[in-house]
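These notes are about the structure you will find just below.
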2 protein chains.
Amino acid sequence: MKIIECVPNVSEGRRPEVVEALLGAVRSVSGARVLDASSDPAHNRSVFTMAGDAAPLKAAVLALVAAALEHIDLRTHTGEHPRLGAVDVVPFVPIDGVTMAECVALAEETGAEVATRFKIPVFLYEEAASSPARRNLEDIRRGEFEGLAAKLSSPGWAPDFGPSQPHPAAGAIVIGARMPLIAFNINLATDRLDVAKKIASAIRHSSGGFRFVKAMGIALDDRGIVQVSINLTNYEKTPMHRVFDAVHREAARYGVAVLESEIIGLTPQAALVSAAEHYLQLARFSGTQILENRLRNSS
Amino acid sequence: MKIIECVPNVSEGRRPEVVEALLGAVRSVSGARVLDASSDPAHNRSVFTMAGDAAPLKAAVLALVAAALEHIDLRTHTGEHPRLGAVDVVPFVPIDGVTMAECVALAEETGAEVATRFKIPVFLYEEAASSPARRNLEDIRRGEFEGLAAKLSSPGWAPDFGPSQPHPAAGAIVIGARMPLIAFNINLATDRLDVAKKIASAIRHSSGGFRFVKAMGIALDDRGIVQVSINLTNYEKTPMHRVFDAVHREAARYGVAVLESEIIGLTPQAALVSAAEHYLQLARFSGTQILENRLRNSS
């Protein structure tokens with residue numbers, strides 16, 4: 001069985017009845033399971049986590065866009081989070097038994113069909129991007145809904161699919177494929193914020209660290225400790241154990257101990273299994289040796 | 001969803017058509033998935049690995065016993081492996097979302113129904129044993145099929161369910177509940193068999209080591225190295241990481257490095273996740289944060 005994760009971000013986080021209607025549209029598709037849904041009123045935005053095989057996920061995204069067109073009008077939408085569309089961003093994420101190439105193909109097919117059926121411009125991003133300038137979501141979304149008409153008619157910003165004018169109420173949609181993101185925090189047994197900041201700086205890509213690490217040092221005032229707060233954007237190429245060991249060594253240099261780590265939200269099983277394989281020096285191990293996986297894949 | 005593993009051992013490993021008939025009986029039960037089946041002609045014995053919820057597994061065991069009565073007659077059975085019954089041993093093993101107590105109850109219910117329906121004496125063993133003298137399979141099986149009539153009429157050996165005479169063709173059945181067994185081998189970067197044997201002796205329960213470790217040192221002649229071959233009989237109470245680290249330290253004492261480890265066959269996910277939690281110092285982690293688990297338990 002293939003497992004793909006799909007994490008649509010929609011521009012509605014204040015009206016529970018609308019969020020329910022959007023979720024209902026997704027849940028009506030058999031084979032697309034909703035694993036999580038959270039709304040942020042300040043951002044006026046909701047994030048749904050779904051999983052399933054390619055065909056039902058594509059159908060679920062189409063159902064979600066149809067429902068969003070019915071309930072959301074960006075011309076009257078306000079919120080702290082930048083957004084370009086009623087359904088704003090739709091990443092497909094390979095989890096198990098599926099390649100990144102398959103998720104890219106799914107993003108392209110879904111984008112083409114969304115554009116044709118709903119007359120909404122579609123941009124492809126990250127691994128599905130049609131050019132390096134479109135890899136980063138922030139670059140595509142710059143100017144937001146209010147600047148979208150001007151952006152679409154400027155050089156280099158024709159959409160990948162659909163019309164070169166914004167949908168009046170729904171704007172545009174950014175669809176793509178990316179690796180799962182793991183929110184992995186490491187807490188230090190100290191209240192020295194400077195140490196957390198120095199370690200974050202040492203391990204993050206932007207200042208010379210690991211390619212797939214974003215990190216910052218923050219204080220957990222209520223606990224009197226500090227945290228290296230980490231986003232791992234590709235756990236296969238920059239695995240948790242390598243980041244953990246690096247933080248350990250950097251902290252030791254300041255005479256500071258690692259208190260504990262934590263994973264916020266969901267993680268693919270493979271990220272944890274990979275840590276076990278590393279530390280236990282496991283050779284020739286396959287995920288098919290995990291009883292639960294065997295059960296999932298048996299008929 | 002509850003996941004229970006059930007690993008029946010049957011006294012037939014030479015006639016493929018009989019093994020197929022037994023497997024067919026098990027597969028006919030919806031909800032009991034067969035994950036693995038292996039036959040040993042020298043032992044004249046087969047081991048099936050099934051998984052599912054309690055009710056289908058109980059039905060599958062009843063179907064298996066019915067099929068075995070049709071095809072196996074222990075009066076003409078020979079093989080290197082000790083055996084008491086046509087269906088010889090049936091352990092129920094808690095894997096996920098289920099307690100040992102539930103597996104013990106399942107063993108008792110299944111044993112009672114097997115005895116009533118087929119007039120076969122049933123012994124309960126390991127966690128389901130009715131007395132300490134019946135915990136160990138070896139003690140129950142001592143005397144084998146050929147000595148069963150005498151054993152059943154001797155003091156202290158009345159069966160837990162069923163008649164006090166052997167079933168003429170099918171003998172008796174040993175049913176119980178136990179923790180999953182993990183076959184975990186650690187290979188050393190040396191050809192010194194004495195080192196592997198000393199380490200095995202240091203870590204195994206019988207000579208003063210960990211409570212749930214069986215171990216021996218063996219030579220892997222084709223690779224020119226030695227192995228500490230380990231059976232972990234309770235990975236929750238004696239976790240893989242503790243055994244691995246102990247082997248590491250013992251080996252260092254002889255100037256020997258750990259080359260690699262390997263898991264033979266299946267392991268529960270939790271054994272690997274527990275190693276990742278330990279080495280990454282993960283706090284407040286729950287299996288529900290694993291995306292695949294969330295998917296399995298969502299509707």
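Worth pointing out:
- Of B:A133, B:A107, B:A115, the residue with the greatest mean-square motion in the GNM of chain B, using alpha carbon springs below 10 Å, is B:A133.
- Crossing angle, helix A:193-203 versus chain A [Cα axis fit, 0-90 degrees, rounded to tens]: 70
- For the stretch B:132-226, the Cβ-based charge dipole about the Cα centre amounts to some 380 debye (Lys, Arg positive; Asp, Glu negative; other atoms uncharged).
- Gyration tensor over alpha-carbon atoms, chain B, equivalent ellipsoid semi-axes in Å: 35, 24, 18
- Charges were assigned to the Cβ only: +1 to each Lys and Arg, -1 to each Asp and Glu. The resulting dipole of chain A about its Cα centre is roughly 540 debye.
- Accessible surface buried by the B/A pair amounts to about 4300 Å², both sides summed, 1.4 Å probe.
- Remark: mean inter-chain Cβ contacts per residue of B:252-263 equal 3, using a 10 Å Cβ-Cβ cutoff to other protein chain atoms.
- Cleavage-rule hits (trypsin sites (Lys or Arg not before Pro)) in the stretch A:60-120: DSSP loop, at most 14 neighbouring Cβ within 10 angstrom: A:K119
- Highest GNM mean-square fluctuation among A:I140, A:I182, A:I264, for chain A modelled with Cα contacts below 10 Å: A:I264.
- Helices in the protein assembly as shown, meaning DSSP H runs of at least 4 residues, each add -39500 (n - 2.57). Divided by all residues, the mean residue ellipticity at 222 nm is -10500 deg cm²/dmol.
- Cα-based helix-to-principal-axis angle, A:100-118 vs chain A, degrees rounded to 10: 30
- Residue (of A:A271, A:A107, A:A251) at the positive-pole extreme of chain A, dipole from beta-carbon charges: A:A251
- Filtered trypsin sites (Lys or Arg not before Pro), the stretch A:180-266: DSSP coil and at most 13 other beta carbons within 10 Å: A:R211, A:K237
- Calculated label separations, B:G97, copies of the chain, 7 Å along the beta-carbon direction, nm: 1.8
- Fluctuation leader among A:E127, A:E262, A:E102 - chain A, Gaussian network, Cα springs under 10 angstrom: A:E262
- Residue ranking by accessible heavy-atom surface, 1.4 Å probe, largest first, among B:E126, B:E70 comes out as B:E70, B:E126.
- The value of relative contact order for chain A, using C-alpha pairs under 8 Å at least six residues apart, is 15 percent.
- Partners of A:K2 within straight-line reach, counting lysines whose Cα lies under 26 Å from its Cα and excluding those fewer than 8 residues away in the same chain: A:K58, A:K237, B:K2.
- Helix A:16-27 and the longest principal axis of the Cα set of chain A meet at an angle near 90°.
- The separation of the stretch A:147-202 from the stretch A:233-261, counted between C-alpha centres, amounts to 25 Å.
- Applying the Karplus relation 6.51 cos²θ - 1.76 cosθ + 1.60 with θ = phi - 60° to the stretch A:139-145 yields 3J(HN,Hα) values of 5, 5, 7, 4, x, 6, 4 Hz, where x marks Gly and Pro.
- Cβ-vector label at 7 Å, B:H248, separations to other copies in nm: 0.7
- Surface calculation, 1.4 Å probe, protein heavy atoms: A:D222 sits at approximately 140 Å² accessible.
- Lys/Arg +1, Asp/Glu -1 at C-beta; the protein assembly as shown dipole; positive extreme among B:L181, A:A158, A:A215: A:A215
- Cα centre as origin, Lys/Arg/Asp/Glu Cβ charges: the stretch A:71-116 dipole, Debye: 220
- The stretch A:144-299: relative contact order as a whole-number percent, Cα under 8 Å and 6+ apart: 22
- Placing unit charges on the Cβ atoms of the charged side chains and taking the dipole of the stretch A:165-252 about its Cα centre, the candidate lying farthest along the positive direction among A:S229, A:S206, A:A196 is A:S206.
- Under 22 Å from the Cα of A:K198 - lysines, other chains or at least 8 residues apart: A:K214
The values are calculated or read from the model by the stated rules, or taken from the named source; none is laboratory data. Fair warning: this is a prediction, and the values are worked out from it, not measured in the lab. Counting neighbours? That spans all protein chains shown, and the Cβs are built from the backbone with ideal geometry, glycine included. Side chains are part of the model used for accessible areas, which takes the heavy atoms of the whole protein and leaves out ligands, DNA and RNA. Shrake-Rupley method; radii C 1.70, N 1.55, O 1.52, S 1.80 Å.
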